[in-house]
Amino acid sequence: MFVTVFLLLVALCAHGGNGEDSEETQRPGHVSVIIVGGTGDLAKKYLWQGFFQLYINQVSSGNTFSFYGGGLSPGEKATPVFFEILKAVSCTKDVSQERCALLKEQFLRLSQYRQLKTLEDYQDLAKDIEKQLQQEGMTEAGRLFYLSVPAFAYADIAEKINSSCRPTSGAWLRVVLEKPFGHDYRSAQVLASQLGSALKDEEMYRIDHYLGKQVVSKILPFRTENRKYLDPIWNRHHIERVEIVLKETLDVKGRIPFYDQYGVIRDVLQNHLTEVMTLLTMKLPANVSNSEEVLQNKLQIFSSLLPLGKNQAVIGQYQTYKSEVQQELNKTKDHVTLTPTFAAVLAHINEAQYEGVPILLISGKMLDERVGYARILFKNDVFCLQNHNNVHCKAKQIIFYFGHGSLQYPAVLVSKNLFKPAVTGSEWKEVTEHKDVSVLGLPISDYYVQTPAEEKEAYSELISHIFAGRKNSFISTENLLASWGMWTSLLSSLTSSFPRIYPGGAENGDMLDVRLRGKDISYNSEVVIISPDKMGDASANSFKVMQGKFRSADMVSAWTEELVETLAADMQEVAEAAIHEGGVFHLAVSGGSTPLALFHRLAVHHFTFPWRNTHVWMVDERCVPLTEPESNFYSVHENLLKHVKIPYYNIHPMPVQLNQRLCVEDDGGVLLYEKELSRLVNGSSFHFVLLGVGYDGHTASLFPGVKADQHGQSLVALTESPSKPHQRMSLTFNAINRAHKVVLLVMGKGKHELVTQLSRVKDALDKYPVTGVKPANGSLVWYIDYDALIG
Ligand code: BG6
C-alpha cells in the first residue's frame, strides 16, 4: 500500500501538463473542473451556470467531465449548500425540458464538493482524480482550476496546484484568475512573479469579464469585416473623439472593504475600459483568432500612450459614500476617504494615426442610468443651411453598445450617414424593427443595428474560451503590466486629490460634465452648488452644535465633524458679508494639523466659497523654504489652495526666505510682509484670523515668555520658541487683535487638559500666550470640539 501511494505521488510530481493550448490540437479525454471558492458569490451567480453550459456543449464531443466545488469549509457543512447552488443551473431555450432535466441530473452526478484547505487536501484531490482515471480507463485531457477566491490566496493555491495537483503527462493545466491582479504596477509585478514561479504563462487565464461580452468580442471582427469602409476613416482626420463609458446606478454598499482600497480607476478603468480602448485602437491583426498577434498588437498601443498625469483626470465621490465607509469599516465620524467612485480620464495615443484624438474613459457609481458603450464619434464637415435634420448633418458615429440603457440589449450601431455594415455568419443579426428609442442623440431609426442572434452571458462565453484555449480573450502578464504601467503614475498623482462630491442619481445634473482642453480634462462647471436637501446622510444627522461661553468669549462646541462644518459655514458667511461690503475678504490662516479638517471641508464641500475675492495670509511661518513639508504655507497650499480656484496674486506666503537665506533680520522679510499687509488690508484689520493653540498655550508663533508690548506697534515679527531652536515669523498680538473676527480652533482629546487649564486661568500671557488674544473692536469665538472640551 505504502509503495503504491509513494509511486503515485512520484508520478504526480513528475507529470506536468504540457500546456497544449489550442482547441484543434487538444486531445479528447477526461476533464476535471475545480472551482476553488465553489460556493462563493461569483460561482453561484455565473460560474456553475457557465460550466453547465460547457458541459451541455461538450456532451457529445468525446470528452468526459468531473466537477469539483472547492472551499475551506468541511464537506458535511458545505455539501448541501453546494448542491443547492448547482440545482439552480438552467438550459438555454433550444434544449427541451426533458433533455434539460436529464443533463442536469448528469451534471449533478458528476459534481462533488471538496474541502480544499491544506496541501494534503490538494494531494488527495489529485489522488482521487488519478484513481478515477485508472479505474475507468480514461485518458486525461486536462485540469481546469478556477480560483474564485480573494487575490491574496492566489500564490499559495497556485503553489499547491503546482506541487501536488498537476495533470498527467500530455494533459493540459489551466488556472483561471479573477481581478484584482495587484493595485499598481509594483504589486502586479510581485503577484505575477509569485504566480510565475508556480505556473507557466500559458497555463494562466486572467479573466476580464468585459472580454466575454459579446459586443466587446465583436470589436475586432467588426473592424475586420468592415475594413473597406473603416480603413479610410479610422484615423485622426476623421475621428473627432472616442468615448468609452460605463455608467452605473448602484452604490458600493457591501463591497466597501474592497472598494475603498481600490476605487473606480482600479476597479473598472484599469481593466474593462482599458481593454475596450486597446481593441478599438490596436492595429488589426492579419488573423483575429491568432492570440499571439492580437496580444502583441494590444501591447503596442500601451507603448504609444501618452503618460497620464493629474491634468488628464477628474474624480468624484458620491455624497453618501463617506458615511457608508464609516459604517462598514467601523470608522469614526471624522474619518475622511478620498477614494473616487467616479472618474473621467483623457488619454491620447502618440501615433500618427490617432494624433490629437481624445480618448475618454469614464465610469462611476450612483450615476443617472446604467449603461455601457464605446462610441467613435466622427467629424462632420457638412453644414446644412436650412434643414438641420438632414441626415448629412446628423452625428456620424459607431457605437458598441454593451447593454442596458435605453436600448436594453447589446448591439453595434452605425449611423446611416456612414455606411451599411456587413452582417456575417449566424451569430449576429440585423435589427430592423425598433421600439421608439434614441441612442446617444440619434433616434434608433438613424442607425444600422446589429445584435447577437442569441444573448450569451460573458462568463459562459469566457468559460468556453478557456476550454478552447483561446488566450486572446484573456489578459497576459505583459498586457497586465503594460496596463498598470499606464495607470500607476496617474493613481499616484491622485493620492491626495479631493474628489468632487456628487449627490447621486439624476440629481447629479451637469455636475460631472467634463471639458476637454487640448490634452487636459477638467470639470465643466467650476462652481457646484449642493442644496442642503440633497446632502444625503450628512445632513440627515441634525447638527448637535452647542453655543456657550469660554473665557468670557463666545464658544461653539460640537462633535468634530459638525464643528468643522459649522466653522466652514460661518467663515463663508463672514467672507460673503465682507465681499458684499468691500469687494474683498482678507483671511489669515495658521499652519499645523488642527485646521486641516477645516481646509478639507472648505475644498470639498464649499464649492461656492468666494475664493476669487479672497486673500489668504499666513498667521505664522517656520523658517524653512516654502517647498518643505514643514512649512505652514506648504501645508495650506497642499490641503487647501491647490484645490480651489483662487487667483495667484491673492495668496500671501510669509517671505521667510530672501536672498537665499532664511529669516535673516537684515533681509527685511518682516517689514516686507508688514508693508504688503498695510497696503492691501484696510486698517491692517483682517476680516478673519484663524488661530490654534499649542499644548504649551502658544498661539500663532507667540510662545510662552512673550511680553505684551514686546513687538510694540509691529504687525509682524521674527519670534523664537524657547524649547525649539527654529525661528518663526508671526503676526503679533497687535495684528491679531486688530482683526474683525478671530477664531480659536481647538480639537482632539489631547487638548482637553489645556482647555481645562485655560478655563480656569486669568490672563497670563507669558505662560499662556493665547490669553493675549483679545480683539480690540472685533469678536473672538472659540470653536472647541467635544473631545477637547469634555475629554
Ligand atoms: C466589475 C466591477 O468588475 O464590473 C464592478 O468590480 C462593476 O464594480 C462591474 O460594477 C461592471 O460590470 P457589468 O458587467 O455590470 O458592466
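The values are calculated or read from the model by the stated rules, or taken from the named source; none is laboratory data. On a predicted model such as this, the values are computed, not experimentally measured, just so you know. Because the Cβ atoms are built from the backbone with ideal geometry, glycine has one as well, and the counts that use them run over all protein chains shown. Heavy atoms of the whole protein, side chains included, go into the accessibility calculation; ligands, DNA and RNA do not. Shrake-Rupley method; radii C 1.70, N 1.55, O 1.52, S 1.80 Å.
Here are some notes:
- Pair list, Cβ under 9 Å, 6 or more apart: the stretch 674-690 residue in the same structural domain as MET654 (by TED's automatic domain parsing) and free of Cβ contacts under 8 Å to residues at least 60 places away in the same chain, other residue of a type in the set (Val, Ile, Thr) and buried (at least 21 other Cβ atoms within 10 Å of the Cβ): GLU674/VAL716
- Residues (of a type in the set (Gly, Ala, Ser) and more than 15 Å from the ligand (Cβ to nearest atom)) located in the stretch 389-410: ALA395, SER406
- Helices (runs of 4 or more DSSP H) (entirely within the stretch 677-791) containing at least 2 residues that are more than 47 Å from the chain's Cα centre (by Cα): none
- Cβ-Cβ distances below 7 Å connect the following pairs, each with a first residue in the stretch 562-581 that is touching a residue at least 40 places away in the same chain (Cβ under 8 Å), a second residue that is of a type in the set (Asp, Glu), and a separation of six or more residues or different chains: LEU563/ASP785.
- Scope the stretch 177-204; condition under 24 Å from the mean Cα position of the chain (by Cα) and not in a helix (DSSP H, G or I); matching residues: LEU177, GLU178, LYS179, PRO180, PHE181, GLY182, HIS183, ASP184
Yes/no matrix, rows are residues, columns are (1) in contact with a strand residue (DSSP E or B) (Cβ under 9 Å, 6 or more places away or on another chain); (2) within 16 Å of the ligand (Cβ to nearest atom); (3) open to solvent by 30 Å² or more (accessible area, probe 1.4 Å); (4) not assigned by TED's automatic domain parsing to the domain that holds TYR68:
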{"residue": "SER163", "(1), (2), (3), (4)": "no, no, yes, no"}
{"residue": "ALA171", "(1), (2), (3), (4)": "yes, no, no, no"}
{"residue": "HIS183", "(1), (2), (3), (4)": "no, yes, yes, yes"}
{"residue": "SER187", "(1), (2), (3), (4)": "no, no, no, yes"}
{"residue": "SER193", "(1), (2), (3), (4)": "no, no, yes, yes"}
{"residue": "SER197", "(1), (2), (3), (4)": "no, no, yes, yes"}
{"residue": "GLU203", "(1), (2), (3), (4)": "yes, no, no, yes"}
{"residue": "VAL216", "(1), (2), (3), (4)": "yes, yes, no, yes"}
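- When residues of the stretch 63-82 are limited to those that are touching a Ser or Thr at 6+ places or on another chain (Cβ under 8 Å) and assigned to a helix (DSSP H, G or I), the one surrounded by the fewest Cβ atoms within 10 Å (Cβ to Cβ): VAL81
- Residues that are in contact with a Ser or Thr (Cβ under 9 Å, 6 or more places away or on another chain), loosely packed, with under 14 Cβ neighbours inside 10 Å and modelled with pLDDT of 90 or more, drawn from the stretch 510-541: ASP513, ARG515
- Residue list for the stretch 250-262, restricted to those being within 10 Å of the ligand (Cβ to nearest atom) and either more than 30 Å from LEU299 (Cβ to Cβ) or open to solvent by less than 40 Å² (accessible area, probe 1.4 Å) (or both): LEU250, VAL252, ARG255, TYR259
- As for the stretch 24-41, it holds at least one residue that is at pLDDT 90 or above, closer than 22 Å to ASP208 by Cα and surrounded by fewer than 21 Cβ atoms within 10 Å (Cβ to Cβ).
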